[in-house]
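This report concerns only the one structure given below.
The values are calculated or read from the model by the stated rules, or taken from the named source; none is laboratory data. The shown structure was predicted, so the numbers you read here are calculated from the model rather than taken from an experiment. All Cβ positions, even for glycine, are placed from backbone atoms using ideal geometry, and neighbour counts span all protein chains on display. For the accessible areas, the whole protein counts, side chains as well, though only heavy atoms, and no ligand, DNA or RNA atoms are used. Shrake-Rupley method; radii C 1.70, N 1.55, O 1.52, S 1.80 Å.
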Amino acid sequence: AIARYGLPDRFQFDRGSAFDSHVFRAGLAALGIHRNFVRAKNPEAQGKIEAYHRSLGRWFVNELAVQEVVDLEHLEQLLFATIDILYNTHHHEAIRTTPQKRLAGATSARRIAPQDLDLAFFAEVLAQSHKKTGSVKLPSGTFRVPLPFAGRRAHFRYGVETLDKAFLLTKDGK
């Protein structure tokens, strides 16, 4: 959504584990996005987002059973098509119009480069690399550090979505 519409000032989600994780909250903070606080198990206060989830369940998830999905990119295209064609053109009682008319093509002027967006949602862990080989096991795989850092305990940042990237953080935070 950020890549497509720009950086919002604030986000509102339910208290699902994906939206309440440390990585997600830290990523939003790094991007300068305020996360609205919501109470757990309070669907009345979350009416719009609950309606959105119901709509996706009805129009997208239920249809996947009869839809051939080629790969992750195809799945994402199907999701965006569902949002654009069905959800955004559907009349909503709460806003008394369609999201398409309400937003009128508005996007945020705040933009971010795709690589910076990817880095915002990296997890961090403290781990020690092997003293001879420099390999370190992270939740996203095994990586090798430069030999001057071999055998040291250090902080590593790794992608939770793209499992092919990991970074060693030096003492100065770089």
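Let's see how each residue does on (1) open to solvent by less than 100 Å² (accessible area, probe 1.4 Å); (2) of a type outside the set (Lys, Arg):
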residue: Val70; (1), (2): no, yes
residue: Lys101; (1), (2): no, no
residue: Ala104; (1), (2): yes, yes
residue: Ser108; (1), (2): yes, yes
residue: Leu117; (1), (2): yes, yes
residue: Glu124; (1), (2): no, yes
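Summed over the range 5-26, residues that are in a loop (DSSP other than H, G, I, E, B) and either of a type outside the set (A, V, I, L, M, F, W, C) or more than 21 Å from Glu50 (Cβ to Cβ) (or both) total 11.
Taking residues in the range 6-19 that are over 23 Å from Ala113 (Cα atoms) and of a type in the set (Ser, Thr, Tyr), and partners anywhere that are part of a loop (DSSP other than H, G, I, E, B) and open to solvent by 80 Å² or more (accessible area, probe 1.4 Å), not one pair has Cβ atoms closer than 6 Å while being at least 6 places apart or on different chains. If you check Phe37, Phe11 for being under 19 Å from Phe122 (Cβ atoms), at pLDDT below 85 and open to solvent by 40 Å² or more (accessible area, probe 1.4 Å), only one passes: Phe11. When we screen Leu117, Leu168 for residues that are in contact with a helix residue (DSSP H, G or I) (Cβ under 8 Å, 6 or more places away or on another chain) and farther than 30 Å from Arg54 by Cα, the only hit is Leu168. The single residue among His90, His74, His130 that is open to solvent by less than 100 Å² (accessible area, probe 1.4 Å), not in a loop (DSSP other than H, G, I, E, B) and not aliphatic (A, V, I, L, M) turns out to be His74.
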